[in-house]
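Peer 1: One structure, as structure tokens, below. Some questions next.
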Amino acid sequence: MKLLHTPGHTQESSCYLLLDKAVQKAVFTGDTLFLGEVGRPDLAVKSGEITKEDLAGWMYDSLHNKIMKLDHKVTVYPGHGAGSPCGKKIAEGASDHLSN
Ligand SMILES: [Fe+2]
């Protein structure tokens with residue numbers, strides 16, 4: 001397992017990348033990436049410290065610099081399914097591939 005710090009939904013948000021030797025097999029994305037949606041950046045605002053704009057910027061960087069650089073065949077296992085308030089339009093299902 002490899003820890004990827006992926007702030008955005010919260011400042012502490014992280015993903016866990018499952019490797020088989022050097023081959024990327026799966027990523028457990030917590031509340032960073034759901035199926036068809038990302039974690040809302042407006043829930044973990046800290047008045048006077050962290051704005052939703054800060055979180056949205058970190059989310060963009062996490063997605064573009066860490067998640068989207070993974071092997072697109074990797075299986076994504078998000079922390080929530082459809083109906084969670086942590087994402088607005090989370091798709092049905094428990095897992096998918098990053099390329100979808
Ligand atoms: Fe959440």
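Any read-out appearing in this document is the output of simple, stated calculations on the displayed coordinates, not a laboratory observation. The shown structure was predicted, so the numbers you read here are calculated from the model rather than taken from an experiment. Neighbour counts run over all protein chains shown; Cβ positions are idealised from the backbone, glycine included.
Peer 1: Which FRET efficiency, nearest 0.05, do GLU53 and ALA91 yield, Cβ-Cβ r, R0 25 Å? Walk me through the numbers before you get to the answer.
Peer 2: Values: r = 26 Å, r/R0 = 1.05.
So, using R0 = 25 Å, E works out to roughly 0.45.
Peer 1: Suppose R0 equals 30 Å; then what is the FRET efficiency for LEU63 and LYS25 from their Cβ-Cβ distance, rounded to the nearest 0.05? Please report the intermediate quantities before stating the final value.
Peer 2: Working: r = 20 Å, r/R0 = 0.66.
Working from the Cβ atoms, E equals 0.90.
Peer 1: As a quick test, which of the pairs LYS21/LYS89; LYS52/LYS89; LYS21/LYS52 have an alpha carbon distance above 30 angstrom in this structure? Walk me through the intermediate numbers first.
Peer 2: On the way: LYS21/LYS89 35 Å; LYS52/LYS89 19 Å; LYS21/LYS52 38 Å.
Cα-Cα > 30 Å for LYS21/LYS89; LYS21/LYS52; rest within.
Peer 1: Take every DSSP beta bridge with both residues inside the chain and express the antiparallel ones as a percent of the total, to the nearest 5. Could you put the intermediate results ahead of the total?
Peer 2: Values: 14 of 18 bridges.
So the antiparallel bridges in the chain amount to around 80 percent.
Peer 1: Would you mind putting 25-38, 68-81 in packing order, based on average other-beta-carbon counts within 10 Å, highest first?
Peer 2: On the way: 25-38: 21.7, 68-81: 15.9.
My ranking of the peptides, most packed first, is 25-38, 68-81.
Peer 1: Ok, one more. In the neighborhood of LEU55, defined by Cβ-to-Cβ distances under 13 Å, what is the net charge if each Lys or Arg adds +1 and each Asp or Glu adds -1?
Peer 2: Counting the neighbours of LEU55, the net charge comes to -4.
Peer 1: Where Lys and Arg each count +1 and Asp and Glu each count -1, what net charge lies around THR75 among other residues with Cβ under 9 Å from its Cβ?
Peer 2: Around THR75, the surrounding residues sum to +1.
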